[in-house]
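Novice: The following block contains the structure, expressed as structure tokens.
The values are calculated or read from the model by the stated rules, or taken from the named source; none is laboratory data. In this text, all values refer to a predicted model and were calculated from it rather than measured experimentally. A quick note on method: Cβ atoms are made from the backbone with ideal geometry, for glycine too, and the neighbour counts reach across all protein chains shown.
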Amino acid sequence: MAVPQWEIRLRQPAELSEKDRQAWAALESRAAEPNAFMSPHFVLPALQHLDAGASVVLMWVERAAGGLKELAAVGVFRRCLASRVFPWPHLSAYQSEHTYLGGLLVDGDAVGPVVEAIRGFLARPGCVWKGLELPKVDTTGKLAEAVRQVAQQHRLPAQLLGPQERSMLTVAGCGEDLLRETLGKKLNEINRCMRRLAEQGEVRWHCLRKDIPEASVEDFLRLEHLGWKGESGTSMRSTKAGEDFFRDMVARFDRDGRALFTELRVDGRAVASTCNFVSGSMGFAFKVGWDPELRKLGPGMLNEVEFIRQVRTHCPDLAAFDSGASADSFINRLWPDRRSLGLLLMPSSRMASCALTATRRLRNSRQARRPKPEIDAIIQQVEA
């Protein structure tokens, strides 16, 4: 068997052919860590509508063996002279305002060799970029483990900063038992709200996974904009760029049968909706919306509860869902599983590694000298 050779290029998104985009989508389907936010269906619309003109490059990693080439990894990066945590020129993974999971897309059977090849690419003479900055990476995933191992082999310790928990939902464990376990007596109140909603008309719940109707896309945009996101200017419909991005992205995922909407309707009128995407064996929650006029009945909560009841029927091919939720989201009470995300720093040279270590020590020193909140309160009382 021929020993694979690794070819790495930094490419401009605009130069990708249709064949390149198809290869990227095929790589996503077999990636070691599923990630809808690294899909070409997400990244390319984001660059076109949200970050037009951004200085972004694609790290294009191909495996060559026996005269054939196969795409083995894709990274999307901003070129960064320095950051608060990485004080040398480096490549920082691109994050749009709606990116909830970072990292690289790497072929499932090549994670270690790809990371080693990337380190060698960045360490070659004359390369100005001295490492990678990878935010929102699964700290226990195959990529993080490979980065740690490669860094240790070359005595260039990688750093993992600020791990935070993200709620997850394991599909196999869903159903009525899970709802009773997570909600307890609160479930009785939620069921009463569903009965009260039914007094206003026929209630139906839908899970849409293929050929999403235009009416469902429109209903979602309307519901998300009606709530606090519309008031704060953060809904998808708040800007033309945001709405264009959303419609383009949904259309691309839907063409592959990988857009997933859930809806709660009363007499045909949508009162709650969620937008999700599928990548590999995982689902990824993206955005939610509900009718604020029915807030006392909690239509958003009712929609999510019904999803937990029925997801095993509608998504038997999926292992889990990533909530994408912030720490204060109500979804954290409903989705009991957790994953840990952090900022992964991978130096490619000894000097970059020393700079990272010095920066970390300085940061820790400043934190150690920072007065504790309770001490601040005592000082304020004394001064008063």
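Novice: Please verify whether Gly257 is surrounded by 22 or more Cβ atoms within 10 Å (Cβ to Cβ) and modelled with pLDDT of 95 or more, treating the condition exactly as stated.
Specialist: For Gly257, the condition - surrounded by 22 or more Cβ atoms within 10 Å (Cβ to Cβ) and modelled with pLDDT of 95 or more - is not met.
Results for (1) part of a loop (DSSP other than H, G, I, E, B); (2) within 25 Å of the chain's Cα centre (by Cα); (3) on the phi > 0 side of the Ramachandran plot; (4) not assigned by TED's automatic domain parsing to the domain that holds Thr359, shown as yes or no for each residue.
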{"position": "Ala72", "(1), (2), (3), (4)": "no, yes, no, no"}
{"position": "Gly75", "(1), (2), (3), (4)": "no, yes, no, no"}
{"position": "Val85", "(1), (2), (3), (4)": "yes, yes, no, no"}
{"position": "Gly103", "(1), (2), (3), (4)": "yes, yes, yes, no"}
{"position": "Val106", "(1), (2), (3), (4)": "no, yes, no, no"}
{"position": "Pro125", "(1), (2), (3), (4)": "yes, no, no, no"}
{"position": "Gln149", "(1), (2), (3), (4)": "no, yes, no, no"}
{"position": "Arg155", "(1), (2), (3), (4)": "yes, no, yes, no"}
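Novice: Related question: Within the group Arg84, Arg124, Arg119, Arg79, which residue is of a type in the set (D, E, K, R) and crowded, with 19+ Cβ neighbours inside 10 Å?
Specialist: The unique qualifying residue is Arg119.
Novice: Shifting gears a bit: If you scan the range 26-67, which residues turn out to be in a helix (DSSP H, G or I) and polar (S, T, N, Q)?
Specialist: Ser29, Gln48
Novice: Still on this structure, please answer the following. Kindly indicate whether Thr313 is at pLDDT 95 or above, assigned to a strand (DSSP E or B) and assigned by TED's automatic domain parsing to the domain that holds Gly227.
Specialist: no
Novice: Go over the candidates Gly175, Gly184 one by one and state the one that is among the small types (Gly, Ala, Ser), on the phi > 0 side of the Ramachandran plot and in contact (Cβ under 8 Å) with a residue 40 or more places away in the chain.
Specialist: Result of the check over Gly175, Gly184: Gly175.
Novice: Looking only at the range 157-186, which residues are hydroxyl-bearing (Ser, Thr, Tyr) and in a helix (DSSP H, G or I)?
Specialist: Within the range 157-186, Thr182 is the sole residue that qualifies.
Novice: How do the pairs read when you match residues in the range 113-125 that are among the charged types (D, E, K, R) with residues anywhere that are crowded, with 21+ Cβ neighbours inside 10 Å, using Cβ under 7 Å and keeping only pairs 6 or more apart or on different chains?
Specialist: Glu116/Val150; Arg119/Val150; Arg119/Ser348
Novice: Take Gly162 and tell me if it is touching a helix residue (DSSP H, G or I) at 6+ places or on another chain (Cβ under 7 Å), at positive phi and either outside the structural domain of Leu101 (by TED's automatic domain parsing) or surrounded by fewer than 19 Cβ atoms within 10 Å (Cβ to Cβ) (or both).
Specialist: Answer is no for this residue.
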